[in-house]
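Below you'll find the structure, written out as structure tokens, and then a few comments.
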Amino acid sequence: MATEVLVSGRVADALGGAIVRGEHPAGSVLPSELDLCDQFGVSRTGVREALKMLGAKGLIAPRRRVGGIVTDRSQWSLLDPDVLRWMRGATTDMGLLKDLARLRLAIEPEAARLAALRGHAKDIAAIRIAGEAMAADPARALVADIAFHVALLRASGNRFFQALGPMVESALAMSIPVTNEVKQVPKADVALHMAVHDAIRDGRAEDAATLSHGLIAETLRLLDVAEG
């Protein structure tokens, strides 16, 4: 059973990535189950399970005897961690990056405010550790920057905010290289990130929210510049 899950996951990963990259445009029909079996060297069961996974994520509409019809992006489960991960390998979509930034703008300032009001010491420490890693190791600045924002969501104590960690991770993985290129810097502003941490640590809820809002608003501004 574990092997079958791994097989179907591998097939879904390959097909899902290809769909998101536009190799199978909306309305196109995927290869038949038998063709997919030959292509991936797997059983029909593995292919069917993979197609079910893609159907559950909204990427295809399954059809009997064919691999499925690729759906329009408007039907995709855009907050699904796998869909977001596949998007990282696709051509940069500035509209998508700005939409993700606007979603973060609606969530992260409130998460920062809640973290300042009720965050546990260990969760706030995780924010600090990530911020310090941004400053100490330029080669790992991107990873540390992502960890900072995910830790902030975790510190909020809100389970729905915490569940958005994969969305924030993917949004930052795609947007930070773009915004850093606009600023001509190798990493984000560490001082501004640490100011958010300091406000959370000190229980200054409104300051934490305002500073967090400013960070993401700056991201949106830079994305506008990048788009031209």
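The values are calculated or read from the model by the stated rules, or taken from the named source; none is laboratory data. Predicted model only: the values in this text are computed from it and were never measured. Cβ placement follows ideal geometry from the backbone for every residue including glycine, while neighbour counts extend to all protein chains displayed. Remember, those area values only see protein heavy atoms, side chains included, never the ligands or the DNA or RNA. Shrake-Rupley method; radii C 1.70, N 1.55, O 1.52, S 1.80 Å.
Before moving on, here are some points about what is shown:
- The set of residues in segment 111-147 that are over 22 Å from Met174 (Cβ atoms) and modelled with pLDDT under 95 comprises Glu132, Ala135, Ala136.
- Count - residues of segment 195-221 that are among the basic types (Lys, Arg) and modelled with pLDDT of 95 or more: 2
- Scanning segment 175-209 for residues that are assigned to a loop (DSSP other than H, G, I, E, B) and of a type in the set (Asp, Glu) yields Asp189, Asp202.
- When Gly58 is tested against (1) of a type outside the set (Ser, Thr, Tyr); (2) modelled with pLDDT of 95 or more; (3) part of a helix (DSSP H, G or I), just one condition goes unmet, and that condition is (3).
- Segment 55-87 - residue that is in contact with a Leu (Cβ under 9 Å, 6 or more places away or on another chain) and among the small types (Gly, Ala, Ser) and, of those, most open to solvent (accessible area, probe 1.4 Å): Ser77
- Subset of segment 35-54 [polar (S, T, N, Q) and open to solvent by less than 70 Å² (accessible area, probe 1.4 Å)]: Ser43
- Residue within segment 82-105 that is farther than 22 Å from Gly17 by Cα, of a type outside the set (A, V, I, L, M, F, W, C), in a helix (DSSP H, G or I) and in contact with an Asp or Glu (Cβ under 8 Å, 6 or more places away or on another chain) present: no
- Complete set of residues in segment 126-145 that are open to solvent by 20 Å² or more (accessible area, probe 1.4 Å), farther than 15 Å from Ala208 by Cα and part of a helix (DSSP H, G or I): Ala126, Ile129, Glu132, Ala133, Ala135, Ala136, Pro138, Ala139, Arg140, Leu142, Val143
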